[in-house]
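None of the figures in this text is laboratory data; all of them are computed from the coordinates on show. Model, not experiment: these values are computed from the prediction. For neighbour counting, all protein chains shown are included, and Cβ atoms are generated from backbone atoms with ideal geometry for every residue, glycine included.
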Amino acid sequence: MNTHYNLKRFLLPALFTTICWQSAFAQREVLYEQYVQNPMAINPGFTGVREDFNMTAVFRRKWFNIRNSPSSQTFAADGTVANGKFGIGFQALNDQTSYFTTTGFSASFAYHLGISDEWKLGLGAQGGINVLPVADQSGYIGNNRALGTFGIGAWLRSEQLYIGVSKPELLAQNLGNQPAVSVYRRPLYIMAGGSYDVGDEILMLPHVLFVQEKERKLRFDLGTRFWFSEKVGIGASYRMGGGYTGLSSKVDYLQLSAEVQVGRNVRLGYFYSTRTAEQIYASYTGPKGIHELMLKFVPNPKGFQKY
């Protein structure tokens, strides 16, 4: 009886601690993986690139047919001031992928300067907090704790091409012996892409993303979107690599997208991924895919928003 009791006393806190931290730090991954719809999620240098003030909300759910299944909500807004010289933005995330709920808030700022007749450079920084449940060294999960976050990025662009380099998380948190130490990796992102007219009223938006993270193999994504008459958009992106160094773990997955421009101000979107960002850290049973619904609102658009 004592042995059974001691095992329960040791294993249960350890299990819940691991779930808690995996949920908390997968929180940022949820936001990062929405970079196609919201490049500001991984690069503050993008803040204000679209110039028009715009708002994007994404609702994410794992299983629509299971009550209280894991879900998250994200919101992002950005625009420019001072005749386009400065970009300001805000992002928020509420994520519930286990018994615990974590939230995050960040604000971003970018300075945009023209370096030639065709090219502009955005230099940005972002900062905020992540509020998440914290476990002590014995494994007991106590009150929520606010941890700071800070990142920087640069976004070079012309009418047809862009390249971005960013570190959305620079701070090294003092987490002691917590399981989060192994997943708190402060990624480096390098992204490039462009826009090309490939036919009558057909716009192609290809992109490639390289991600380097601590103790993980190089990951790269390839994808493209097509817009037809600036009304309907479809796309696909394949994410490859990123497994732990020296291990054969794979995190490859496919994301499909469909978007519709409803009038001048509103865009609706649906996205399906064949696996979730959280599966990098933990095993899940049941369906592996994730569904996302997007609502984008631009109060006073000057033209079609490609990105």
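What's the ranking of 192-199, 203-210 by average number of surrounding C-beta atoms within 10 Å, highest first?
Those peptides, ordered most packed to least, come out 203-210, 192-199.
What does the charge count near I163 come to, summing +1 for each Lys or Arg and -1 for each Asp or Glu among other residues with Cβ under 13 Å from its Cβ? Mind showing how you got there, number by number?
Working: positive: K120, R157; negative: none.
Summing Lys and Arg as +1 and Asp and Glu as -1 gives +2.
Grab the beta carbon distance between L123 and A92, set R0 = 30 Å, and tell me the FRET efficiency rounded to 0.05.
0.80
Ranked by Cβ crowding within 10 angstrom, fewest neighbours first, how are D200, D221, D78, D52 ordered?
Details: D200 7, D221 21, D78 27, D52 15.
The order, fewest Cβ neighbours first, is D200, D52, D221, D78.
For each pair in K85/K231; K231/K302; K120/K296; K85/K167; K214/K288, compute the distance between the two Cα atoms and list the pairs where it is over 27 Å.
Values: K85/K231 30 Å; K231/K302 16 Å; K120/K296 25 Å; K85/K167 22 Å; K214/K288 25 Å.
The answer is K85/K231.
Using the count of nearby Cβ atoms within 10 Å as a rough guide to exposure, how do K231, K296 rank from fewest to most?
Neighbour counts put them in this order, fewest first: K231, K296.
Cut-off is 10 Å between beta-carbons; in what order do W119, W155 appear when sorted fewest neighbours first? Can you show the working numbers first?
Details: W119 14, W155 27.
Sorted ascending by nearby Cβ count, the order is W119, W155.
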